[in-house]
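Structure, as structure tokens:
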Amino acid sequence: MSETAGEAKPEVKQASKEVKESENVAEKYSAMTVSKNSDINMGELASVFSAVPSHKPVKKQIQFVEEKQEFSRFPTKTGRRSLSRSISQSSTDSYSSAASYTDSSDDETSPRDKTQINSKGSSDFCVKNIKQAEFGRREIEIAEQDMSALISLRKRAQSEKPLAGAKVVGCTHITAQTAVLIETLVALGAQCRWTACNIYSTQNEVATALAEKGVAVFAWKGESEDDFWWCIDRCVNTEGWQPNMILDDGGDLTHWVYKKYPNVFKKIRGIVEESVTGVHRLYQLSKAGKLCVPAMNVNDSVTKQKFDNLYCCRESILDGLKRTTDVMFGGKQVVVCGYGEVGKGCSAALKALGAVVYVTEIDPICALQACMDGFRVVKLNEVIRLVDVIITCTGNKNVVTRDQLDRMKNGCIVCNMGHSNTEIDVASLRTPELTWERVRSQVDHVIWPDGKRVILLAEGRLLNLSCSTVPTFVLSITATTQALALIELYNAPEGRYKQDVYLLPKKMDEYVASLHLATFDAHLTELTDEQAKYLGLNKNGPFKPNYYRY
């Protein structure tokens, strides 16, 4: 759900040869239809990708985190915690007290200390309470109702089993929507082992429902840092099973395999990554010559950027803030750090409810967009003493520093909508002179010696998935894109993809979008032969060049 504001995207250069190849791709794809009664030919679907060239990122300096890095440690009331970290900063950095603040109905025993067995007699999972499976199944069924396009893809393709033999290890948010994706992959023939990319976002009842269905799930809400890496390790390091596909959200799973089990990559056919943080890591590996398998960059696909990042965050930012603080937005002064797609969605939602919204930006193009949308672009230090709410959505680190936290007004709400918890310098707040007071789940008051309180949400982690939920329909778009990317990488003939990072072709974005139009009873206008010839397009698409920005 994260998005860097104003970041440079991988440059897509179209040589004349590639344009020709794109035309050939369109011709191959033209036979495919997206009507409700049509079937997907997976062979034709795979051919769409065959002419897609590797796209190199813009030559920009991205800080490559040292392979070994020590992190500050703080004691927890319960749960295990490792003494050091060898992986780059992730969604579990800093102190976590979540294990001590689960729902009152949950017991405090760590799932790692329990012996649980599902109805099939399997114990190859680790969840909070397997008895909650029935409730989780209801959540999944509700999500399926608003993910009709993904369900349609499942029904059309399951007879061909395009993922037969695929062994997918996944590290994503474990929610009802993700469960629909996982069960779709299983229906298409894949074996799956799954863990969570965020210690707060797991829906316990959904994880148990997956475990009851036979999916090896290792996740629960409120994991400690040590639990987090233990769960990833259990997914990868198991006797008699070795993954050949990776579906990642943030890059933690990919890095763990790279650091701990590099030989696993000999069997890996490809990586599908959906977050800006994980994509940065992949480009870093590629630049260093250390990326040893092909990877699909789902984050920069149009269907992810313009729908998941923009529309999802436009709604979920309000949900997260309301559930945690009960704040009224009318008249509040809010600063949104970053005006990428996530920042655009957050700013529009808050403005619509009467908030006075400021924007901070490093990119002059995004800054100009903010100005034209009616927002005042400022430096954070110019308004730090005035604002009531601060929201980070940059994907960067130290966007809000300790010095700025010291100068905030009493009662200021601070939260993050980026993937990683590096944007707010939370670690600097773990000092003896400051008092932490947990007031409700995922809400802490950080109290200064003079009595000033700053309200910190989810300890600086992703607000919407940690503190609320996200719109199901928009996640169907991303999940469908992920499923198709996995199908393509798994079925691609040897040599089609090199050890590089690839973008999805425009035609595939259009196909995913078309699958979701039926929900709105939308009817596309068709080009006549004369119109198509005039525009130089294939009647069946793609309708925009790769360099087009929606």
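General observations
- Solvent-accessible heavy-atom area per residue, rounded to whole Å², over segment 241-390 at 1.4 Å: 36 Å²
- Shape analysis of segment 301-377 yields a ratio of the Cα radius of gyration to the Kirkwood radius, Rg/Rh, of 0.97.
- Averaging 1/r across all pairs of distinct Cα atoms in segment 278-343 and inverting the result yields a Kirkwood radius of 14.7 Å.
- Between Val217 and Cys126, Trp194, the built amide H atoms are under 5 Å apart, and every one of these is 5 or more places off in sequence or on another chain.
- Less than 5 angstrom separates the built amide H of Asp500 from those of Ala295, all sequence-distant by 5 or more or on a different chain.
- Share of carbon and sulfur in the accessible heavy-atom surface of segment 160-221 [1.4 Å probe, %]: 50 percent
- For segment 126-204, dividing the convex hull volume of the Cα atoms by the residue count gives 94 Å³ per residue.
- Per residue convex hull volume, Cα atoms of segment 333-453, in Å³: 106 Å³
- Cα-Cα pairs of segment 370-428 separated by more than 16 Å (percent): 47 percent
- Share of carbon and sulfur in the accessible heavy-atom surface of segment 299-346 [1.4 Å probe, %]: 51 percent
- Overall size of segment 457-543 from C-alpha positions, given as principal axis extents largest first: 58, 40, 20 Å.
- Calculated P(r) tail over 27 Å for segment 123-256, as whole % of Cα pairs: 14 percent
- For Val443, the residues whose amide H sits under 5 Å from its own are Ala458, ignoring neighbours fewer than 5 places away on the same chain, with H placed 1.01 Å from N.
- The order of the peptides 177-189, 479-491 by mean Cβ neighbours within 10 Å, most packed first, is 479-491, 177-189.
- Rounded to the nearest 10 square angstrom, Phe520 shows an accessible area of 140 square angstrom against a 1.4 Å probe.
- For segment 412-488, radius of gyration divided by Kirkwood radius, i.e. Rg to Rh on alpha-carbons: 1.17
- Contour minus Cα-Cα distance for Asn263 and Ala352 (0.36 nm per residue): 26.9 nm
- Karplus-derived 3J(HN,Hα) values for segment 464-471, using 6.51 cos²θ - 1.76 cosθ + 1.60 with θ = phi - 60°, are 5, 7, 8, 10, 8, 10, 10, x Hz; glycine and proline are entered as x.
- Residues in segment 236-250 carry Karplus couplings, in order, of 8, 9, 9, 5, x, 8, 9, x, 10, 9, 10, 10, 10, 9, x Hz; the curve used is 6.51 cos²θ - 1.76 cosθ + 1.60 with θ = phi - 60°, and Gly or Pro positions show x.
- Segment 268-425: C-alpha gyration tensor shape, a/c 1.5 cut-off, then a/b vs b/c: prolate
The values are calculated or read from the model by the stated rules, or taken from the named source; none is laboratory data. Only a predicted model underlies this, so the values are computations on that prediction, with no experimental measurement involved. Heads up, the Cβs are rebuilt from the backbone with ideal geometry, glycines too, and the neighbour counts pull from every protein chain shown. Keep in mind that these areas ignore ligands, DNA and RNA; they rest on the heavy atoms of the full protein, side chains included. Shrake-Rupley method; radii C 1.70, N 1.55, O 1.52, S 1.80 Å.
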